[in-house]
Structures are given as C-alpha cells and as structure tokens.
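Participant: The structure's right below; bear with me while I get my questions together.
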C-alpha cells in the first residue's frame, strides 16, 4: 500500500535575519506574528469519513435520542452518507436535522433509528427503506420523517436492568417448576399429547379455511348488535313488560313442574295402552271397513231418508202447508197430450204393429246386407196408441234410425259409441239395458256405449208441491 507523504506545516518568517532556533514561547509569538494561520472548522473533515460535499437536509422526529450528539454519523446499510447537524426539542419530541449526501436516494416513507456502533460505542442515525410496506416516492430536501417511522435501540443499562429483574425477582424458578410438572404430566402420554396436537392443528386449519365465513358471521353479528343498539329503548320496554309475567311463572314454577311431570306420566300410560290395544284397534277398524264402504255407496240417500223420517208420512217440503190441524194440498195436473202419451208408452207395454214379410234382399235387424225396414204400420184407430217402432227381437244397432211412423220426442236421437257427449245425455251401460226414465220401455237393449240425447229422457218426478189455484177448466187446460 502506497503511503501518503506526511504534510508539514511551514511558515515563512516575516522577520529577516531571525535565528533558526527559537524557544517555544518565541515560536508561538513568531507564528502569530508571521501570519501562519490555523485551519478553519469548515476545513476539518467530518468524523467517520462523512462526505463534506453538497447534500440535502431532512428532519427526523424521535421520542428519545439517548446521548446522540451533533456531528454524529448518518448511515444507510452501515455506510456513512451524512451527519447530524442539529438536535432540538419541540415539546416532548426531539427533532434531529440530518444532512445527507446528494447522491443518496431514499423513498419518501423511509424510516430512521438511533443505533449504536458497539456495546460501548458511539450513537448514530440509521436511515433505511420501510420493511412493513412498499416504498413510494422520493425523500427530498426539507422532508420530515415522523414519529411513527422512527425508533431507538435498547440501552445497555436497560438490558442489564431487565436481566437483573429476571434473575432476582423473575420467574426462572417458576419456569423450572412448570417445566418439571409438564414433563411429569406428559410422561407416558406422548401419543395422546401428539394426537391432541394433531387435532388442535386440524381444528386451527378448519378455522383458517373458514375464516371468510367467520368474518362474515362477525360482520353480521356487528350489524345485529348495531340494530339492537338502535332499538335498545324498545327492548328495554319489552323487558319491563315481561317482568310481571316472568314473576308469575316463577311463583307457579312448582305447579308447572308438577304438570309437566304428570304429562310425562300420561304419555307413558297412553303409549302403554296404545301398544297393548294395537291389535284390537286394527281388528276393529278392519271390521268397520265393510260398513264404511256401504255408507260410502249409499251416498246422500241416507241423509235424505233421515230428513224424510222427521216429517213421515209427508215429504219434507210439506211442512210449509201445515196450518193448525189440517194440511193444505194442491195438485198440478199436466194435461199436455204429448206428455201423457209419452208417459203411458214408457210406463206400460205398448201394442206392436203387425210386421209383414221383409222385402226381398233385405236382412234382419242384426244382419248385414242393408238397413232393415219396418213394415208400414196400420193407421191407428181412434183411441189406440201410436204404433211401436222399436224392434223387439234383438239389440238396436248403433246406426238404427227410427222410422217416420215412430212417434218419438223431437230431438231424441241415438248416437253411436264414441260420439261427442251432449249436455245431459245418457250413455247406455255395459249390459246394454236401458234404465227407467227414458221414452223407451224399461229393459230395452241397445249397444253398450250408445248415447241418448237429453230429449229421450223423461222429466224426473220431484214430488214438488206447486199449489196451483184454479177451476176444473184450468186443470184441463194443462195447468198453464
């Protein structure tokens, strides 16, 4: 390593002819008189090798700067980049003005700390980028590092005091006792302890996996508590209103408890009775099944008969005609000739007109080869019924059309099975027998499914009492 030449301080004497050897006092006098000046403070290099060139200034705020002094070093990553220019006090906050080299680039959210070079070394200010957040901006001249981004290191005295507290009045003895007791408790139970730790790890892992749900639940609970807080007056009133009821319940607690116990015993007895009588109950229900089926088949006939029994031997609607000890009755006589004739034909067998031989090439009513034709009926004599046009030797075919001589009500038609069902029409049952109540004699057979229009049905007998007032002439006129 090349050594630097030593610099010596030489002063030219102003007094010519001065002796070469001088006493110390004379030398000092000569130096002052000869103009040999001492270096100024600005020319003295900074301690620690801090740069003395152009720079910028930053103020750092500290709660405590310990024994930091002016002209102390400012370091970035243990490299001296400036010095402390001034330390002042603002209330309870120490403000330290730092001078940094212009070439040092730091973020605007930089941090500062008072540190120590060694255990007994000097203090310095360490400036660095933040470690808990991302760096942003640039630290410029006149910027301030606030208290939230500054700190100081622990002093040796503080460390020794804490160590003395731990050793003298601390819990080392207790820690030893705890360690021994814990070892004795876990001795021989290592497997259970490991299993407990595994379960605890699984539990904590489950909580971590559900932390989003837990956060939502906490937020919902927070909203609920907020709403409850807004309605605390209403809740307080409700609690005040409930107080008398709760007092009564408290006074009747013994009775309520006894009632609940008795109800429990009743349940036990009921369960025992139902279990013992289960077979008999099922048998009784099965025995009732035919009776219930017959009642269901009877339909509304049973209630109607019961209604008739209350007014026997008169129909139920006669009660309005009873006046005192006699009954006012009236009869409505429908003397319409067509109605009387149809009732007589439907109610009794009608004489059949003689049938002549069939025309050549014709078939019977049930054979193929063409529609059958009834022989022309003889003209009815006065007082005789109209000729019967129904064939009595077989079932009427679905295509059967009454001949013109057959006197049927207007609109009475026989429709083949599957035809659209008119309103109020009658469908011939499966056995083909026509029931009573049609214009045809009872027992007449038709093809199953044949449809009779509503004009082929007789008006049902209702037994209604209409109470017509009039003479014999009105009755013979049809009651109209």
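Participant: Please verify whether residue 241 is modelled with pLDDT of 90 or more, surrounded by fewer than 10 Cβ atoms within 10 Å (Cβ to Cβ) and in a helix (DSSP H, G or I), treating the condition exactly as stated.
Facilitator: It is true that residue 241 is modelled with pLDDT of 90 or more, surrounded by fewer than 10 Cβ atoms within 10 Å (Cβ to Cβ) and in a helix (DSSP H, G or I).
Participant: Out of 150, 144, report the one residue that is out of contact with any helix residue (DSSP H, G or I) (no Cβ under 9 Å at 6 or more places or on another chain), more than 19 Å from residue 78 (Cα to Cα) and at pLDDT 85 or above. So that I can check it myself, show each step before the final result.
Facilitator: Values: 150 fails: more than 19 Å from residue 78 (Cα to Cα).
Among 150, 144, only 144 is out of contact with any helix residue (DSSP H, G or I) (no Cβ under 9 Å at 6 or more places or on another chain), more than 19 Å from residue 78 (Cα to Cα) and at pLDDT 85 or above.
Participant: Here's something else I'd like to know. Among the residues of the stretch 419-433, write down those that are closer than 17 Å to residue 409 by Cα and surrounded by 17 or more Cβ atoms within 10 Å (Cβ to Cβ).
Facilitator: Hits for the stretch 419-433 are 425, 426.
The values are calculated or read from the model by the stated rules, or taken from the named source; none is laboratory data. Since we're looking at a predicted model, the values are computed, not measured. Note that each Cβ is placed from the backbone with ideal geometry, even for glycine, and that neighbours are counted across all protein chains shown.
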